[in-house]
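Below is one structure; the comments refer to it alone.
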Amino acid sequence: MRRFAIGAAVAALLSSASVAFATDVAILTPYISSVPTNEMAQSFKAEGEKRGWTVTIIDTRNDFGQLASRIEDTVNAKASAIVLISTDPAQVSDQVALATKSGIPVISLDGSKNANVAVNVTSNNFDLGAQLSDALFKALGGKGNIVKFFHSAHPCVHQRELALDEALKNNPDIKVIADHFVKVPGPIDDGRVAMENILRQHGDDINGVWAAWDDPGVGAELATESEKPDAKFIIMGIDGSEQAIEMIKACSRYKATFRQDFPKMAAVGAAELEKILGGGKAEKDEIFVPAVMITPESLGVTCP
């Protein structure tokens, strides 16, 4: 009987120790409906689970007040770490500071640097915006009218927009004749509806579409297929989403995208967080993961 009691006590102790040392990581984002954001979240979850972490994904559907509240809830629940995805930490600065003060490390994927964020893993988004602008302008021969789809509320997407502004200064024969702030959730549908209206207003005057990320570019192509299937303009975007790549393969108006390596971002973020949870520090406060341009030629497709 005594031996049984001791065994039960040891089992209970081991169980409590296991709970005490469990690693609970919370992913928080307002944009899980976005294809790239969801890819990063799911990739990080898989990376965490490989390490034995319990990873929870929390989405607030573009509600930053709710995001702030959920971060506070996560801090109160004494999570092991917080991962912000596609979020500017400055928009929830009080809550991020609270987490850090509480001893909970915060890292960011596809966000921006912040004094209370251990590391931000992302693409060099200003450079991506410059590459997108240069590729589109070159395809247009340095002259033409473009439509701009943007979303300044996202820090990385805003950097791409700033790069476009710089490129336009150096290319005075490229004119933005229409632009649209894309709503999220639902950026593909929002881009489609916006493009339908832009086509009715500008019609044959459009030579190109600059999409700060692929979702609204996909929406623009879908709208054009329906509203003006004979239109000859060029669409280019960023992210390398599955739908955009399929459109490029099909020789549609979608001619290029820049594929961000979201699984690599997640892998790098998980590796950095593992070091931090082990008592170490991140390699540096911001780590860039390279992107690759995808075109019909890179996909082995010959378009007429």
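A few remarks follow.
- Per-region count, segment 60-99, residues under 15 Å from SER112 (Cβ atoms), hydroxyl-bearing (Ser, Thr, Tyr) and either in contact (Cβ under 8 Å) with a residue 40 or more places away in the chain or not assigned by TED's automatic domain parsing to the domain that holds ALA270 (or both): 2
- Verdict on GLN66 being in contact with an Asp or Glu (Cβ under 6 Å, 6 or more places away or on another chain), more than 23 Å from PHE262 (Cα to Cα) and not in a loop (DSSP other than H, G, I, E, B): no
- Being within 17 Å of PRO36 (Cβ to Cβ) and in the same structural domain as PHE44 (by TED's automatic domain parsing) is not true of GLY217.
- Screening ASN207 against (1) within 21 Å of the chain's Cα centre (by Cα); (2) buried (at least 18 other Cβ atoms within 10 Å of the Cβ) leaves a single unmet condition, (1).
- Of the strands (runs of 3 or more DSSP E) lying entirely inside segment 70-125, those containing at least 3 residues that are not polar (S, T, N, Q) are 81-85, 106-109.
- Pair list, Cβ under 9 Å, 6 or more apart: segment 157-178 residue closer than 13 Å to VAL147 by Cα and free of Cβ contacts under 8 Å to residues at least 40 places away in the same chain, other residue among the β-branched types (Val, Ile, Thr) and assigned to a helix (DSSP H, G or I): ILE177/ILE198; ALA178/ILE198
- The set of residues from segment 104-161 being of a type in the set (Gly, Ala, Ser) and over 19 Å from LYS284 (Cα atoms) comprises GLY129, ALA130, SER133, ALA135, ALA139, GLY141, GLY142, GLY144, SER152, ALA153.
- Verdict on ASP189 being modelled with pLDDT of 95 or more, under 26 Å from ASP110 (Cβ atoms), in the same structural domain as ASP134 (by TED's automatic domain parsing) and part of a helix (DSSP H, G or I): yes
This table checks each residue for (1) modelled with pLDDT under 95; (2) buried (at least 21 other Cβ atoms within 10 Å of the Cβ).
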{"position": "GLU49", "(1), (2)": "no, no"}
{"position": "THR56", "(1), (2)": "no, no"}
{"position": "ASP59", "(1), (2)": "no, yes"}
{"position": "ILE71", "(1), (2)": "no, yes"}
{"position": "SER86", "(1), (2)": "yes, yes"}
{"position": "VAL96", "(1), (2)": "no, yes"}
{"position": "ALA99", "(1), (2)": "no, yes"}
{"position": "LYS113", "(1), (2)": "yes, no"}
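- If you go through segment 198-253 and pick out every residue that is modelled with pLDDT of 95 or more, part of a helix (DSSP H, G or I) and of a type outside the set (Asp, Glu), you end up with 20.
The values are calculated or read from the model by the stated rules, or taken from the named source; none is laboratory data. Here the structure is a predicted model, which means the values were calculated and not measured. Every residue, glycine among them, receives a Cβ derived from its backbone with ideal geometry; neighbour counts consider all protein chains shown.
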